[in-house]
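Structure first, then comments.
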Amino acid sequence: MQSLSDSAQATPHTVPAPKAQPAAAAQGAVRGSAAYRRITLALFCSGFATFSLLYCVQPLLPAFAREFHVGAAGASLALSLSTALLALSIALAGIVSERYGRKELMLASMALAACCNLLAAVAPNWHMLLAARALEGFALGGVPAVAMAYLAEEIDPSGLGFSMGLYVGGNAFGGMMGRVAMSLMAESFGWRGAMLAIGIFDLALAAAFMLLLPASRNFVRNGAMKLGAHFALWKSHLAHGRLPLVFCIGALAMGIFATSYNYAGFRLMGAPFSLSATATGMIFSAYLFGIVSSSWAGALADRFGRAPLVAAGIAISCAGLFLTCMPVLALVILGIVLLTIGFFTTHSAASSWVGRMATTGKGHAASLYLLAYYLGGSVLGSVGGWFWEHSGWNAVAGFMLLQVMLAGWLAWKLWRPGRA
């Protein structure tokens, strides 16, 4: 009967207190830790660099048309080629990251895209500029798909929503600065000097990203993975009971956002408002609300769940949509702000939802979400132009309302009882 521990033998008449059960081990970097701060800051930098590079040419399209003697549609190729190739490269990025790693691919993508922007700035002719911009868009595909997968793998689920919200906030800030700051710099230094400046700045962000982001801890490279295995993962995600609904919500949210920003300028420059092009261009400052709302939505999603935040984002977008139809300028601007908040709330919650739902192949799930997201923006944003040309803003708003209603129905299907 001498099987008691030494401590028990020292106090033979005392019953040892039961040991406290250890808390569940964290599955990644915990919010508040040094690793968590480094990851969120590095991914904020990557989001800023990606979207400042992608959208920096949008305010320069009139300058391109004048200098290279192309029409408005031809000038828009400097942006549309980049976004089209970005959408195509997202799926390939997931395959490459499985072989070479998440951090390595994101770093290479940021550095290559920034260099392409420098080449576009010194391009001697229009075709060389388009070639550089096309390559830039293809290179950028390595960042957004892999960033979502990295966060889902390396951040503890309890803090994933907040970190994803900060990443989306970096996207918003980069998208805004790529438009607003570029137009201001171009007035002082010309469009070539402005593109050189943003290329150099984003190269510096790539260096900061390299120093800040920790190496993957929960990801194992799989260089032997065959193409059929990648297709099997994509197929499994598409056969998932809930993931395809999130993909569709992402596509519709981006479609609503792209349509509103594509044609809000035409509405504000026309009667009854007749704003100048410079004043109209300041609508991109509404992205500031996107930065705040994406972080806010991410933190609330961690606390209350993704479905309520997706539904809230859709409802906010719907309210903003109705305000844009009012004949009062202040209400129209408020409507654009609400559309921006609604979009970033929905996107932040939905994108983090993908990482939570996908138990395997998180990079492949993220690539499918972003493929739907960018295709939704490209296709639905372009279709909205037909409504504008034929019936004006109210028709555009009606088209967006259909998208809002469909997104709301999909959110209800995800939220309803029994689909946990």
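Here are some notes:
- Any hit, the range 362-377, residues being out of contact with any Gly (no Cβ under 8 Å at 6 or more places or on another chain) and farther than 22 Å from Asn262 by Cβ: yes
- For the range 337-359, a residue qualifies if it is modelled with pLDDT of 75 or more and of a type in the set (S, T, N, Q), and the qualifying residues are Thr340, Thr345, Thr346, Ser348, Ser351, Ser352.
Yes or no, residue by residue, for (1) within 27 Å of Phe387 (Cβ to Cβ); (2) open to solvent by less than 10 Å² (accessible area, probe 1.4 Å):
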{"site": "Tyr263", "(1), (2)": "yes, no"}
{"site": "Arg267", "(1), (2)": "yes, no"}
{"site": "Pro272", "(1), (2)": "yes, no"}
{"site": "Ser295", "(1), (2)": "no, no"}
{"site": "Ala301", "(1), (2)": "no, yes"}
{"site": "Val310", "(1), (2)": "yes, yes"}
{"site": "Pro327", "(1), (2)": "yes, no"}
{"site": "Ile333", "(1), (2)": "yes, no"}
{"site": "Ala349", "(1), (2)": "no, yes"}
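- With respect to the stated conditions, Phe343 is within 30 Å of Ser274 (Cβ to Cβ), hydrophobic (A, V, I, L, M, F, W, C) and in contact (Cβ under 8 Å) with a residue 60 or more places away in the chain.
- Breaking point among (1) among the β-branched types (Val, Ile, Thr); (2) open to solvent by 30 Å² or more (accessible area, probe 1.4 Å); (3) within 23 Å of the chain's Cα centre (by Cα), for Thr259: (2)
- Residues that are among the small types (Gly, Ala, Ser), buried (at least 20 other Cβ atoms within 10 Å of the Cβ) and either modelled with pLDDT of 85 or more or over 30 Å from Gly141 (Cβ atoms) (or both), drawn from the range 4-57: Ala42, Ser46, Gly47, Ala49, Ser52
- Counting only helices (runs of 4 or more DSSP H) that sit wholly inside the range 68-156, those with at least 2 residues that are closer than 27 Å to Leu380 by Cβ and either at pLDDT 90 or above or open to solvent by 30 Å² or more (accessible area, probe 1.4 Å) (or both) are 72-75, 77-100, 102-121, 126-140.
- Every test in (1) in contact (Cβ under 8 Å) with a residue 40 or more places away in the chain; (2) of a type outside the set (Phe, Trp, Tyr); (3) open to solvent by 10 Å² or more (accessible area, probe 1.4 Å) is passed by Thr359 save one, and that test is (1).
- On inspection, Gly159 fails the criterion of being surrounded by fewer than 24 Cβ atoms within 10 Å (Cβ to Cβ), out of contact with any strand residue (DSSP E or B) (no Cβ under 7 Å at 6 or more places or on another chain) and without any contact (Cβ under 8 Å) to a residue 60 or more places away in the chain.
The values are calculated or read from the model by the stated rules, or taken from the named source; none is laboratory data. Keep in mind the model is a prediction, meaning the values are calculated, not measured. For neighbour counting, all protein chains shown are included, and Cβ atoms are generated from backbone atoms with ideal geometry for every residue, glycine included. For accessibility, only protein heavy atoms count, side chains too; no ligands or nucleic acids. Shrake-Rupley method; radii C 1.70, N 1.55, O 1.52, S 1.80 Å.
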